[in-house]
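Below is one structure, written out as structure tokens; the observations come after it.
The values are calculated or read from the model by the stated rules, or taken from the named source; none is laboratory data. Please read these numbers as outputs of a predicted model, since none were measured by experiment. We place every Cβ from the backbone using ideal geometry, glycine too, and count neighbours over all the protein chains shown. In case anyone asks, the SASA skips ligands and DNA or RNA and just uses the protein heavy atoms, side chains included. Shrake-Rupley method; radii C 1.70, N 1.55, O 1.52, S 1.80 Å.
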Amino acid sequence: MLKNERMRRQFKDEVMSGHIVRMMVTPDALAAKIAASEGAQAVFSAGYATSASALAMPDRGITDFGISLERCRQIINAVDIPVFADADTGYGDLDNIKRTVENYEAIGAAGMFIEDQVWPKRCGHMDGKKVEPVEVLEAKIKAAKAARKHDNFLIMSRTDARAVYGLDNAIARSKRYQAAGADLIFIEAPQSVAELKKIHEAFPKTPLMANMIEDGKTPLTRTEDLERLGFNIVVHPTAMTYAQAFAEKTLIETLRRDGTTKAYKNHMITFPKFNEFVGLDKVNARDASYSPEKMRAEYMS
Amino acid sequence: MTINNLLTYLDHRPETIMPASGDGRTFSALSKENFPAILIDGTLTSQNLIAEDSQGMLTLSEYAKFLRDMRLKKTGLLIADLQSGFGNPLNTYYAAKELERSGGDILLLNDQTYPAHTTTEPMTTTPEELIGKLRAAKDSLENPATQIWIKLEGLHSYGIEGLIKRIQYLAKAGADAIVIDHYDNQQLLQLTQVGLPLPLLATWEPGIDQIDGITGWLDKGYLSTVIQRAQSQAINFIKQGGLAYAEK
């Protein structure tokens with residue numbers, strides 16, 4: 001089975017298993033490889049981290065489809081676990097939705113979400129969000145379902161209405177999105193454990209995603225507890241970006257203070273370990289395996 | 001048109017010319033005509049994307065992005081231009097992987113040195129390095145249906161005998177087909193009379209005599225030439241209009 005199909009099936013099976021899927025948002029391919037090697041079950045290529053790593057900009061609808069697609073593609077090619085895609089609002093109208101779905105499916109994403117914010121959107125935990133009338137995302141979900149070529153390329157609806165109209169409205173919208181064909185439901189930025197419970201009660205049989213953002217609107221909740229609350233995916237959207245930014249800032253402060261990186265070395269991976277992690281030995285071995293001598297002996301005798 | 005194996009299809013239709021494209025509009029027009037396969041040619045893509053006439057000016061990532069865009073519009077098979085592998089065999093391994101994941105159904109590897117040039121008498125690499133590139137490309141493939149065709153461009157330097165020897169090595173190393181470029185009719189005729197271990201295709205441009213014994217024909221960019229000619233006429237027309245206005 002080819003990788004794209006294998007990853008779609010794996011993700012769907014995990015999401016439908018009744019156990020929670022631990023999904024890390026990774027800013028780039030290296031971070032994705034690290035997350036995968038440390039036990040993440042899936043990777044999420046998402047807007048906040050991509051805006052930060054690609055443009056050093058906030059998640060405010062500046063990062064476009066092309067940048068997001070390319071980053072997602074690099075991540076997919078670097079790991080052998082499913083990669084889910086953040087497609088923001090779908091980047092335009094229904095024609096754009098079709099193009100977005102076709103592209104994410106073709107590069108091998110396991111699925112994608114689309115949201116009901118007004119473009120240019122904001123990170124779900126920022127203030128000042130606006131949402132479209134419910135019919136807009138309903139139509140986009142129908143268009144996304146019609147555009148996908150594989151049933152196991154999962155479409156998730158995301159609503160940002162909790163911050164604008166309250167939880168009941170967000171749940172009502174999500175029911176409409178589910179009826180329009182959403183395979184998975186994501187209600188962004190609930191504000192308490194009680195709200196998380198209420199979301200599960202509203203969708204007892206539909207896979208749900210919980211977003212655990214540091215300093216966000218939703219209380220940081222342990223993965224096991226989210227599983228008990230009935231959530232099927234937990235995603236950590238900012239942790240790797242913040243850890244990376246903190247580490248790099250501290251490193252540069254150290255270098256500026258000491259004139260050398262010596263004092264920071266214990267916080268770094270070593271030269272040999274890093275080369276091993278990114279597979280230098282394997283690349284060198286492959287390079288050597290196609291030497292002229294070997295080719296001559298094997299194919300020209 | 002769904003074709004699993006282009007070579008099998010061509011066995012019954014050896015007169016087929018597979019057109020070349022390097023821009024979206026031409027690709028779209030060709031796709032609507034249900035050609036069994038379209039070559040996304042490196043030179044034409046280079047002219048379209050970066051306004052350069054030589055294929056070697058175009059990098060793998062630039063080409064692969066265009067290939068990915070076109071795969072969403074394809075109706076037949078896509079022949080991807082692997083050029084000379086974008087470096088050594090190691091580069092070829094990663095380039096072939098990238099082009100397969102970007103939608104290439106057939107990867108066309110030429111025997112030029114890196115970087116490849118768009119010229120009638122290109123510099124070609126050693127048989128050893130070419131075989132290394134072929135093996136690397138084969139090792140990188142995920143889909144067993146993906147094929148590697150080798151375009152031999154060095155008749156001017158290694159002659160018919162050198163070419164036949166290369167084909168024998170390449171057959172042993174797992175190539176799926178050979179494409180001959182920069183040939184004359186006499187050389188092509190001569191090759192069809194030798195029992196070769198691989199299907200033999202040839203590049204095509206207007207004036208080429210489509211002789212028997214050739215499995216299929218790969219266009220070198222006829223549409224693009226016609227479009228450029230029409231464009232030159234249109235440019236002259238606009239210039240004349242501007243001059244007439246100035247004279248008034």
Heavy-atom accessible area, 1.4 Å probe, ligands and nucleic acids excluded: residues of region A:1-34 down by at least 20 Å² from chain alone: A:Leu2, A:Lys3
message: Nearest 5 percent is fine: what portion of the DSSP beta bridges confined to the protein assembly as shown is antiparallel?
response: 5 percent
query: Just for chain B, what percent of DSSP beta bridges are antiparallel, to the closest 5?
result: 5 percent
query: With the contact rule set at Cα under 8 Å and sequence spacing of 6 or more, what percent relative contact order holds for chain B?
result: 19 percent
field: Helix-derived mean residue ellipticity, 222 nm - over chain B, DSSP H n ≥ 4, -39500 (n - 2.57), to 500
entry: -14500 deg cm²/dmol
message: Please compute the length gained on full extension between A:Arg296 and A:Gln74, using 0.36 nm multiplied by the number of residues separating them and subtracting their Cα-Cα distance.
response: 76.4 nm
- line: With every protein chain kept in place and a 1.4 Å probe, region A:245-299 has an accessible area per residue in Å² of 81 Å²
task: Determine by what factor the alpha-carbon radius of gyration of region A:245-299 differs from 2.2 N^0.38 Å, reporting the quotient.
output: 1.92
query: Of the residues A:Gly216, A:Gly111, A:Gly259, which exhibits the maximal mean-square fluctuation in a Gaussian network model of chain A defined by a 10 Å Cα contact cut-off?
result: A:Gly259
message: Please compute the per residue accessible area over chain B with all protein chains in place, 1.4 Å probe, rounded to a whole number of Å².
response: 45 Å²
- request: Evaluate the distance, in nm, between pseudo-label points positioned 7 Å from the Cα of B:Ala29 and of A:Phe274 along their respective Cα→Cβ axes.
  value: 5.1 nm
field: Cα convex hull of region B:6-221, projected area averaged across orientations, nm²
entry: 10.4 nm²
task: Between B:Thr126, B:Thr203, B:Thr113, find the one with the highest GNM mean-square fluctuation for chain B; connect C-alpha pairs within less than 10 Å.
output: B:Thr126
query: Per residue and in Å³, how big is the convex hull formed by the alpha-carbon atoms of region A:186-301?
result: 204 Å³
statement: Log entry: pair-distance distribution for region A:225-276, C-alpha pairs binned every 5 Å from zero, whole % per bin is 4, 16, 14, 16, 14, 9, 8, 9, 6, 3, 0
query: Per residue, what volume in Å³ does the Cα convex hull of region B:4-43 take up?
result: 81 Å³
field: Positions from region B:122-143 whose accessible area shrinks by 40 Å² or more when the full protein complex is built, not the chain alone, probe 1.4 Å
entry: B:Glu128, B:Ile131, B:Arg135, B:Glu142
message: I need the fraction of alpha carbon pairs in the protein assembly as shown separated by more than 42 Å, rounded to a whole percent.
response: 34 percent
message: To make sure I understand the rule: partners must be lysines, Cα under 22 Å from the Cα of B:Lys32, and not fewer than 8 residues away in the same chain. Which ones qualify?
response: A:Lys98, A:Lys149, B:Lys65, B:Lys73, B:Lys74, B:Lys220
Region A:3-237 - accessible surface per residue (Å², probe 1.4 Å): 38 Å²
message: Suppose we keep just the alpha-carbon trace of region B:132-248; what are its Rg and Dmax in angstrom?
response: 20.9, 71
- prompt: Using a probe radius of 1.4 Å on protein heavy atoms only, what is the accessible area buried between chains B and A, both sides summed, to the nearest 100 Å²?
  reply: 2200 Å²
field: Percent carbon-and-sulfur accessible area, chain A, ignoring ligands, DNA and RNA, probe 1.4 Å
entry: 54 percent
Residues of region A:261-301 buried by at least 10 Å² on assembly (accessible area, 1.4 Å probe, chain alone as reference): A:Val283, A:Arg286, A:Asp287, A:Tyr290, A:Pro292, A:Met295, A:Arg296, A:Glu298, A:Tyr299, A:Met300, A:Ser301
statement: Percent antiparallel among DSSP beta bridges confined to chain A, rounded to 5, stands at 5 percent
field: Over 18 Å (Cα to Cα) - which of A:Lys3/B:Lys97; A:Lys3/A:Lys140; B:Lys97/B:Lys165; A:Lys145/A:Lys198 fall in this group
entry: A:Lys3/A:Lys140; B:Lys97/B:Lys165; A:Lys145/A:Lys198
- prompt: Using only Cα atoms, what is the ratio of the radius of gyration of chain A to 2.2 N^0.38 Å?
  reply: 1.10
query: Based solely on its DSSP helices, what 222 nm [θ] is calculated for chain A when runs of n ≥ 4 H residues each add -39,500 (n - 2.57) and the sum is averaged over all residues, nearest 500 deg cm²/dmol?
result: -14500 deg cm²/dmol
- request: May I ask for the distance between the Cα centers of region B:16-33 and region A:106-172, given as a whole number of Å?
  value: 36 Å
- prompt: If you roll a 1.4 Å probe over chain B with all protein chains in place, what percent of the accessible area is carbon or sulfur?
  reply: 51 percent
statement: Taking GluC sites (Glu not before Pro) as exposed when in a DSSP loop with at most 15 other Cβ atoms inside 10 Å, chain A has its longest clean stretch at A:39-213
- prompt: trypsin sites (Lys or Arg not before Pro) within region A:192-301: which are DSSP loop residues with at most 16 other Cβ atoms inside 10 Å?
  reply: A:Lys205, A:Arg222
query: For region B:6-86, with equal point scatterers placed on the C-alpha atoms only and solvent neglected, what are the log10 I(q)/I(0) values from the Debye formula at q = 0.17, 0.22 1/Å, to two decimals?
result: -0.65, -0.99
message: Based on alpha-carbon centroids, what's the gap between region A:6-75 and region A:230-299 in Å, whole number please?
response: 18 Å
